[in-house]
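Here, each number is a calculation from the coordinates, and none is a lab measurement. Predicted model, so just to flag it, every value in this text is computed and none were measured. For neighbour counting, all protein chains shown are included, and Cβ atoms are generated from backbone atoms with ideal geometry for every residue, glycine included.
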Amino acid sequence: MQALTIQQVAQQTGLSVHTLRYYERNGLLEPVDRASSGHRRYSAEDIARIEFLTRLRATGMPIRQMQEFAQLFRQQPEAIRDRRKLLEAHEQQVQAHIQELQRNLEAIQWKIGYYKGLEARQQADATYSYSEINERQECLAAGRAFMLECAPQQGEADVEVEPQPEEASPSIAAIASDR
């Protein structure tokens, strides 16, 4: 791969030119090779490091920890264990954040479902025709006897009715007949 200019790297990585210079100035990147004109020339290896730094930053790693990682990276073989430990600690933080985000997402999804249910009920209530509304009002106004006739039609079976004296126990029937 041919070396890229800072503008090309900014476009490829989505970072600003200012951020790329900041990363180099603050030790996150080793000094980038320069052309005879003094312009930075980024290699494929530089871009791979930038992309990894971008991932660390996107997952919430503070700049100071990124600097520590970059310093450990420059120590090569001696610091492999320390780099791994630093990344494992960050991984735990990212996993905890993912779990928190998942709980938040579930709460949002529950609330969306709740609102969909409310909307469906509103829509169902709004779709009653005038004749259905009138029928319902007539059923309510006519009292229990009419309600028993309308209930199966309205899907309201199992309406509780007071027992009539002939159906009641003998002692209740006797009391009722004394009236």
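Summary table
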| read-out | value |
| --- | --- |
| Other-chain or far-sequence residues with amide H under 5 Å of ARG41's (modelled H) | ASP33, ARG34, ALA35 |
| Under 11 Å, Cβ to Cβ, from MET1 - net charge with Lys/Arg +1 and Asp/Glu -1 | -2 |
| Shape category assigned to segment 1-108 from the gyration tensor of Cα positions, a/c cut at 1.5 | oblate |
| Global form of segment 76-127, assessed from the alpha-carbon gyration tensor, a/c cut-off 1.5 | prolate |
| Within-12-Å neighbourhood charge of THR13 [Cβ basis; K, R +1; D, E -1] | +1 |
| Within-11-Å neighbourhood charge of ILE50 [Cβ basis; K, R +1; D, E -1] | -1 |
| Residues GLU119 and ALA89, FRET efficiency given R0 of 45 Å [Cβ-Cβ distance, rounded to 0.05] | 0.50 |
| Mean Cβ neighbour count within 10 Å, used as a protection proxy, ranking 92-98, 120-126 highest first | 92-98, 120-126 |
